[in-house]
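Comments concern the structure below.
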Amino acid sequence: MWNASSLKVNKLAELKESEIKEITDPLRFPDYFGVTKLFRLKDLFDARVHYGHKDGTLDANMKPYIFGSRLGHLIFDLDKTTEMLHSALNFAAHIAYRGGIILFVSHFPRHTLTVENAAKQAGEYAHAREWDFHLFTNSEKVYNGVTRLPDLVILISTLNPQMEEHTAVKDTAKMCIPTIGIVDSNSNPNLITYPVPGNDDSPAAVQLYCNLFRDAILLGKSKRAVLSS
């Protein structure tokens, strides 16, 4: 009797062994989703990703990612940012491919619409308001029941408007939720799973980050749809 599962088996049988491995085991490939094609280094430069904060505000943990300073402002090494952003985008695509829940987080009012639109377009979730304590660490009480927490949190900035570390940074670490975070020159990247050094203030930079993460997530979902069919 014909059914969907037998059709799927027949389709897999028609594929070469290498093609089957590519579909069913994407971790064997360094850039299975093609995220390295999503942007060029010049795109980062044009979006002012290289601009850090003023001299004297540098977090010691961000020193390896700084190229130098110009006119009193720290400048990021965009070669390092490119490499780390590729890794972050690849991870986001893999989470989406495996059906994971992804949460975009930001606490800056001027970026709220950008962040929420990116999450909506990606078919995921956003939290762009003030962070409530124990949102993750005591979720059963907050949500009045067992709730599935995100499989990945993308922090468009790891700081809040008061230039203090966003509460979600520690909350995700406590709950062992992997994170991607844009870390400016005055941020501490130590608790972020996939830190991305760069400007977290410029609207152009934030728009670029959101577009890239949206596109990476959609790439992961499109590959998943191919496997499901």
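The values are calculated or read from the model by the stated rules, or taken from the named source; none is laboratory data. No experiment lies behind these values; they were computed from the predicted model shown. With ideal geometry, Cβ positions are generated from the backbone for all residues, glycine too; neighbour counts draw on all protein chains shown.
Here are a few things to note about the model shown:
- The range 95-117 - residue that is within 16 Å of the chain's Cα centre (by Cα), touching a residue at least 60 places away in the same chain (Cβ under 8 Å) and surrounded by fewer than 18 Cβ atoms within 10 Å (Cβ to Cβ) and, of those, nearest to Leu208 (Cα to Cα): Asn117
The rows are residues; the columns are (1) of a type in the set (A, V, I, L, M); (2) more than 21 Å from Asp201 (Cα to Cα); (3) modelled with pLDDT under 90.
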{"residue": "Lys80", "(1), (2), (3)": "no, no, no"}
{"residue": "Leu89", "(1), (2), (3)": "yes, no, no"}
{"residue": "Ile102", "(1), (2), (3)": "yes, yes, no"}
{"residue": "Ala119", "(1), (2), (3)": "yes, no, no"}
{"residue": "Asp132", "(1), (2), (3)": "no, yes, yes"}
{"residue": "Tyr143", "(1), (2), (3)": "no, yes, yes"}
{"residue": "Thr147", "(1), (2), (3)": "no, yes, yes"}
{"residue": "Pro150", "(1), (2), (3)": "no, yes, no"}
{"residue": "Leu155", "(1), (2), (3)": "yes, no, no"}
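- Matching residues, the range 65-89, being over 21 Å from the mean Cα position of the chain (by Cα), of a type outside the set (A, V, I, L, M, F, W, C) and not in a loop (DSSP other than H, G, I, E, B): Gly68, Ser69, Arg70, His73
- Where a residue in the range 177-199 is under 20 Å from His50 (Cβ atoms) and in contact (Cβ under 8 Å) with a residue 40 or more places away in the chain and its partner, wherever it lies, is buried (at least 24 other Cβ atoms within 10 Å of the Cβ) and among the small types (Gly, Ala, Ser), with Cβ under 6 Å and at least six apart: Ile180/Ala88; Ser185/Gly52; Tyr194/Ala88; Pro195/Gly181; Val196/Ala88
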